[in-house]
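S.K.: Below is the structure I would like to discuss, written out as structure tokens.
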Amino acid sequence: MSSVKSDSASKKKLKDRSVSEPVPPINGADRIGFDARSISFALLLFLSGTAALIYQILWIKQLSLIVGVEVYSITIAVSAFFAGLALGGAVFGRLADTFAKPLVLYASLEAGIAALSIFSTTALAHSASPFVAIQARAGLLAWALPFFLVGVPAFLMGGTLPAAVRLKTYGLLQIARTGGWVYAANTAGGIAGALLSPFVLLPWLGVRGTAWAAALLNLAAAGMALTLDRCTIPVSVEAQVKQVETPASSSENAHFALALYAVAGGIALGYEVVWSQALTQFLSTRVFAFSVVLAVYLAGLVVGSALYVRFSNRVLDPWGMFGLLISAAGVVALLEISGLSLWQLQVQFEVGNLVFSATGSEFARMFTHFVIAALGVVFVPAVLLGAAFPAVLKLTATARNAGRDVGTVLALNTAGGIAGTLMTGFLLVPVLGLVRTLSMLAIVAATVGILAVLRGPTVSRKMQWSVGTLGLIAVIVGVLTPSDRLARLLLTTRGGGSLIFYEEGRGATVAVAQQSSKDNVFRRLYIQGVSNSGDAMPSLRYMRLQAMLPLLIHRREPKSVFVVGFGTGITTGAALRYPLLERRVCAELLPAVVRAAELFPENYKAAHDPRLQLRIRDGRQELLRSTERYDLITLEPPPPSAQGVANLYSTDFYRLASSRLETDGLFAQWLPLATQNDGDTRSLVRSFLDVFPYATLWSTEMHEMLLIGSQSPIEIDAQKVKSRYSPIDVSTSLQAVGISSPAALLATWVTGRDGLERYAANAKPVTDDRPRIEYASWVRAGEVNRTLAHLLDLRTEVPLSNADEALRADIHRERETLLAFYSAGLDAYSGDQRAWQEAIRRVEASDPDNPYYRWVIGRD
């Protein structure tokens, strides 16, 4: 804060700020208070903010199904939302200044938002196919569809905040306080929307039901606005402001402040891009983690805005304060990432454990993890950014043109945010990495602050020195912080080992670590800090079978295969080993994953094999765009509970994939058992059964199963299986993972449709509208035991044709050994050491040289 001046200097400052006496307001309220009318108005703003965040979350989810999960597409599409907000703020901000009854305008906007949002949500649910069709014929013109559906209701949303500020502004003295108060109340509603969506509304109501709930909030806000309007004495706009005021800056300086705040908007959205990638490495890919971090960020904005409102009358140096806030936000954001260490992560887990001890709730433990992590990285910079909004209003806005000025501030800040998101996500992070990008953003933020204090007419030397010091700190910390700071920390939290690949690319961080278990050395692929797979023997086994098993049991001779997800490349590499295939296609979302896969030799160098068509694209989008048909479509996506992955486990996706199968074609879906609770696994099976009338279940590893479905009967011909197993490339690949014969392959059979129907029973399916697996509760301790036991209880005899007795006897022996091995695993999980040893002895006596059993038991 500036030093104490003489009395004459203080008077000069007050003159420069040109603050007039407050004009008597409508209904006699001379300040923002807590009377019934103000409380009602705050609630109105809260409901509006809640609905807006709900729509934003819904539309981002729906847009990923239309344009694909690929980061370029979804970011460009989401820009439509922010573009609508910006344009709406500019247009309706000017319009609000002409209304003697801004509450009527506000109510009309809320009603329009409700109607258009329901229309857009419904239309978006049916827009994927039209988008692809238009794109095939008209290229970029197809983007007009999502831009229109998202941008039009967002255009109306952009007008609500300027209209609200217009209503509550009755003198220059209140412009910063009023703007900050309105912003805080509206953003507080956003916190509710960010939390209600994943924790309550989407799990209970689905996408379209949630849209209806949000529309009811809009209509409630509209009704409250009209009710408040009836209690308001009509006063002309001219009567509300009796004298012409000027902002705390000249017109030229006010425009400069707007330009700086537009840059600040880009910086703020740039922080969000970096935080979203950096934090998830140490949290979770569950949607709840993202929502909690977003809620903490919004809470920071609310607190910052509210604090500025509380102390705005004491700010005698608005230019200096604005510069200090922006500079400090950048420096603090950088310091919190560069200083991130294990003790902070330890605190996060220790406090979570205390909460778990008190509540017994895994949900409460994880929620605590997310909140503490976000508080440590996101909250303080967000507080500073939240205070910057009313600060810039004090520099640029007047009471006479409150709607126009607030709309302009929001429009330019939002436009800057769009540019910042695009530049950070598409240029800075891929080129510089997360840490260097954050350093760059901090330096730019410090530069904005320095420009503000240099341009400000009354900024003290003390404030200039403070902001300059922050700029110097940003440069020093940015230079000294190692670019691999996060990579080193990641490795220490993921079981140690050596990091042999790390790339911070567009949309995700990809890493490969070399680790060991007993005497076994293996490599593991991490995406966003979460293990996606590796080349440990259990993973190698199930991924080889993911491709080989359906190819070997196929009713016809398969000629084509489509693999969704390259990952470690092991499933795709297995498909390359099947000699009779004529067309092999794989879709992978992240280029960095393909580069990392070169470190997994067990994929047979699939990425460089000329026989493979590798398409860097969202797998679902590939099926929408292309009408190619395949004999086999096989999937190995991330775990179903991860954010954005439910669209590869839904009935809608299965119907799309089924339409791309050849006659008698097979669809193979990876079914992990340890990543969700038994009830959620039943829902996943239900989704599969609702599309494929012929369905089978196979056990590819103790923790993984494989669903194979078709629109035609699945007939397993023993002689075809034996013939297809015999080529050396096939047999050696399978023998390396413990499938030593056709009998061993067929012994992985569990059950057919009848058994799966008993298991799924009345479980509700996962659909695009009800992506319930994405919002499932956290996995309970020992749940994999229950799920595996339930599924193994369904086992039936393998329905073979053309099988002799010798083969049937071999299958029976292999199956008994496999079941003994699984039984040993269940005994180990339950802590029954004696039963485990007895089962392992049976396994070793029956199949002593099996590399899979030996790896898990620890004999190699």
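S.K.: Determine whether Ala803 is modelled with pLDDT under 95 and either of a type in the set (Asp, Glu) or within 37 Å of the chain's Cα centre (by Cα) (or both).
M.R.: Numbers: modelled with pLDDT under 95: yes; either of a type in the set (Asp, Glu) or within 37 Å of the chain's Cα centre (by Cα) (or both): no.
No.
S.K.: Please determine whether any residue of region 270-287 is open to solvent by less than 50 Å² (accessible area, probe 1.4 Å), over 24 Å from Phe426 (Cβ atoms) and at pLDDT 80 or above.
M.R.: Among the residues of region 270-287, not one is open to solvent by less than 50 Å² (accessible area, probe 1.4 Å), over 24 Å from Phe426 (Cβ atoms) and at pLDDT 80 or above, which makes the answer no.
S.K.: I'm checking my understanding of the structure. Among residues of region 293-318 that are closer than 13 Å to Gly193 by Cβ and among the small types (Gly, Ala, Ser), which one is least open to solvent (accessible area, probe 1.4 Å)?
M.R.: Ala295
S.K.: Criterion first (at pLDDT 90 or above, surrounded by 23 or more Cβ atoms within 10 Å (Cβ to Cβ) and under 32 Å from the mean Cα position of the chain (by Cα)) does Leu525 satisfy it?
M.R.: yes
S.K.: From the list Ala399, Ala411, exactly one residue is part of a loop (DSSP other than H, G, I, E, B), open to solvent by less than 50 Å² (accessible area, probe 1.4 Å), modelled with pLDDT under 85 and not basic (Lys, Arg). Which is it?
M.R.: Ala399
S.K.: Can you name every residue in region 553-580 that is under 21 Å from Thr663 (Cβ atoms) and open to solvent by 10 Å² or more (accessible area, probe 1.4 Å)?
M.R.: Listed by number, the residues that qualify are Arg555, Arg556, Glu557, Lys559, Leu580.
S.K.: Among the residues of region 15-44, which ones are under 20 Å from Tyr106 (Cβ atoms) and either of a type in the set (S, T, N, Q) or modelled with pLDDT of 90 or more (or both)?
M.R.: Across region 15-44, the qualifying residues are Asn27, Ser38, Ser40, Leu43, Leu44.
S.K.: Just to be sure, is Ala668 closer than 25 Å to Ala789 by Cα, in contact (Cβ under 8 Å) with a residue 40 or more places away in the chain, touching a Lys or Arg at 6+ places or on another chain (Cβ under 6 Å) and open to solvent by less than 20 Å² (accessible area, probe 1.4 Å)?
M.R.: Answer is no for this residue.
S.K.: Can you name the number of the only condition in (1) under 20 Å from Gly569 (Cα atoms); (2) in contact (Cβ under 8 Å) with a residue 40 or more places away in the chain; (3) open to solvent by 10 Å² or more (accessible area, probe 1.4 Å) that Gln613 fails?
M.R.: It fails just one condition, (2).
S.K.: Would you point out the residue of region 616-648, among those that are open to solvent by less than 10 Å² (accessible area, probe 1.4 Å) and more than 19 Å from the chain's Cα centre (by Cα), that is nearest to Glu774 (Cα to Cα)?
M.R.: Restricting to residues being open to solvent by less than 10 Å² (accessible area, probe 1.4 Å) and more than 19 Å from the chain's Cα centre (by Cα), the top hit is Leu635.
S.K.: Sticking with this structure for a sec: Run down Asp810, Asp768 and say which single residue is of a type in the set (D, E, K, R), closer than 30 Å to Ala123 by Cβ and touching a Ser or Thr at 6+ places or on another chain (Cβ under 8 Å).
M.R.: Asp768
S.K.: On to the next question. Taking the criterion of being assigned to a loop (DSSP other than H, G, I, E, B), open to solvent by 40 Å² or more (accessible area, probe 1.4 Å) and farther than 22 Å from Val685 by Cβ, would at least one residue in region 731-745 satisfy it? First the steps, then the outcome.
M.R.: To start, the set of residues in region 731-745 that are assigned to a loop (DSSP other than H, G, I, E, B) comprises 736-741.
Checking the rest, the ones that are also open to solvent by 40 Å² or more (accessible area, probe 1.4 Å) come to 736, 740.
Those still in the list that are farther than 22 Å from Val685 by Cβ too: 736, 740.
Checked against the condition, which is being assigned to a loop (DSSP other than H, G, I, E, B), open to solvent by 40 Å² or more (accessible area, probe 1.4 Å) and farther than 22 Å from Val685 by Cβ, region 731-745 yields at least one hit.
S.K.: Quick one: in region 658-686, which of the residues that are acidic (Asp, Glu) and closer than 18 Å to Ile773 by Cβ is nearest to the chain's Cα centre (by Cα)?
M.R.: Quick first cut of region 658-686, residues acidic (Asp, Glu) only: 662, 664, 678, 680.
Narrowing further to those that are closer than 18 Å to Ile773 by Cβ: 678, 680.
On the way: Asp678: 24, Asp680: 20 Å.
So, considering only residues that are acidic (Asp, Glu) and closer than 18 Å to Ile773 by Cβ, the one nearest to the chain's Cα centre (by Cα) is Asp680.
S.K.: Further, regarding this structure: Just checking, how many residues over region 836-853 are in a helix (DSSP H, G or I) and open to solvent by less than 30 Å² (accessible area, probe 1.4 Å)?
M.R.: Looking only at that region, the number is 5.
S.K.: Okay, moving on. Which one of Ser120, Ser108 is under 23 Å from the mean Cα position of the chain (by Cα) and either open to solvent by 10 Å² or more (accessible area, probe 1.4 Å) or closer than 22 Å to Gly209 by Cα (or both)?
M.R.: Answer to the check: Ser120.
S.K.: Still on this structure, please answer the following. What's the number of the condition Ser539 fails, among (1) small (Gly, Ala, Ser); (2) open to solvent by 10 Å² or more (accessible area, probe 1.4 Å); (3) out of contact with any strand residue (DSSP E or B) (no Cβ under 7 Å at 6 or more places or on another chain)?
M.R.: Just one mismatch for Ser539, condition (3).
S.K.: In addition: If a residue must be open to solvent by 50 Å² or more (accessible area, probe 1.4 Å) and in contact (Cβ under 8 Å) with a residue 60 or more places away in the chain, how many such residues does region 504-522 contain? Walk me through it before giving the result.
M.R.: Taking region 504-522 as the starting set, the residues that turn out to be open to solvent by 50 Å² or more (accessible area, probe 1.4 Å) are 514, 516, 518-519, 521.
Narrowing further to those that are in contact (Cβ under 8 Å) with a residue 60 or more places away in the chain: 518-519.
Of the residues in region 504-522, 2 are open to solvent by 50 Å² or more (accessible area, probe 1.4 Å) and in contact (Cβ under 8 Å) with a residue 60 or more places away in the chain.
S.K.: Criterion first (open to solvent by 40 Å² or more (accessible area, probe 1.4 Å) and either modelled with pLDDT under 95 or more than 30 Å from Ser284 (Cα to Cα) (or both)) does Ser726 satisfy it?
M.R.: yes
S.K.: Determine, yes or no, whether Thr651 is under 30 Å from Ile134 (Cα atoms) and open to solvent by less than 20 Å² (accessible area, probe 1.4 Å).
M.R.: yes
S.K.: Residue check, Asp631 against (1) among the charged types (D, E, K, R); (2) at pLDDT 95 or above; (3) closer than 25 Å to Ala125 by Cα, all met but one. Which one?
M.R.: With respect to (1) among the charged types (D, E, K, R); (2) at pLDDT 95 or above; (3) closer than 25 Å to Ala125 by Cα, Asp631 is out only on (3).
S.K.: Of the numbered conditions (1) within 21 Å of Ser641 (Cα to Cα); (2) at pLDDT 95 or above; (3) touching a Pro at 6+ places or on another chain (Cβ under 6 Å), Gly565 satisfies every one except a single condition; which is it?
M.R.: With (1) within 21 Å of Ser641 (Cα to Cα); (2) at pLDDT 95 or above; (3) touching a Pro at 6+ places or on another chain (Cβ under 6 Å) applied to Gly565, the lone miss is (2).
S.K.: Scan region 301-352 for residues that are closer than 14 Å to Ala373 by Cα, free of Cβ contacts under 8 Å to residues at least 24 places away in the same chain and part of a helix (DSSP H, G or I) and jot them down.
M.R.: Trp343, Gln346, Phe349, Glu350, Val351, Gly352
S.K.: Additional query: Which of the numbered conditions does Ser327 fail, given that it passes all the others? Conditions: (1) out of contact with any Leu (no Cβ under 7 Å at 6 or more places or on another chain); (2) crowded, with 20+ Cβ neighbours inside 10 Å; (3) of a type in the set (S, T, N, Q).
M.R.: Condition (1) is where Ser327 drops out.
S.K.: Here's something else I'd like to know. Being within 19 Å of Thr187 (Cα to Cα), among the aromatic types (Phe, Trp, Tyr), open to solvent by 20 Å² or more (accessible area, probe 1.4 Å) and in a helix (DSSP H, G or I) is the requirement here; does Phe290 meet it?
M.R.: Yes, satisfied.
S.K.: Given Ile113, Ile76, Ile66, which one is open to solvent by 20 Å² or more (accessible area, probe 1.4 Å) and either at negative phi or touching a residue at least 40 places away in the same chain (Cβ under 8 Å) (or both)?
M.R.: Unique residue meeting the criteria: Ile76.
S.K.: Of the numbered conditions (1) modelled with pLDDT of 95 or more; (2) open to solvent by less than 40 Å² (accessible area, probe 1.4 Å), Ser659 fails exactly one; give the number of that condition.
M.R.: Against the list (1) modelled with pLDDT of 95 or more; (2) open to solvent by less than 40 Å² (accessible area, probe 1.4 Å), Ser659 comes up short only on (2).
S.K.: A further question on this structure: Which residue is farthest from Arg629 (Cα to Cα), if the candidates are limited to region 545-573 and must be touching a Ser or Thr at 6+ places or on another chain (Cβ under 6 Å) and assigned to a helix (DSSP H, G or I)?
M.R.: Leu545
S.K.: Somewhere in region 808-822, is a residue open to solvent by less than 30 Å² (accessible area, probe 1.4 Å) and of a type in the set (Lys, Arg)? So that I can check it myself, show each step before the final result.
M.R.: Quick first cut of region 808-822, residues open to solvent by less than 30 Å² (accessible area, probe 1.4 Å) only: 811, 814-815, 817-818, 820-822.
Adding the requirement that they be of a type in the set (Lys, Arg) leaves 815.
Among the residues of region 808-822, at least one is open to solvent by less than 30 Å² (accessible area, probe 1.4 Å) and of a type in the set (Lys, Arg), which makes the answer yes.
S.K.: Every residue in region 582-601 that is open to solvent by 10 Å² or more (accessible area, probe 1.4 Å), more than 30 Å from Val521 (Cα to Cα) and not basic (Lys, Arg), please.
M.R.: If the condition is that a residue be open to solvent by 10 Å² or more (accessible area, probe 1.4 Å), more than 30 Å from Val521 (Cα to Cα) and not basic (Lys, Arg), then Glu582 is the only one that fits.
The values are calculated or read from the model by the stated rules, or taken from the named source; none is laboratory data. This is a predicted model, so every value here is computed, not measured. Every residue, glycine as well, gets a Cβ built from its backbone with ideal geometry; the counts of neighbours run over all protein chains shown. Surface areas here come from the heavy atoms of the whole protein model, side chains and all, with no ligands, DNA or RNA. Shrake-Rupley method; radii C 1.70, N 1.55, O 1.52, S 1.80 Å.
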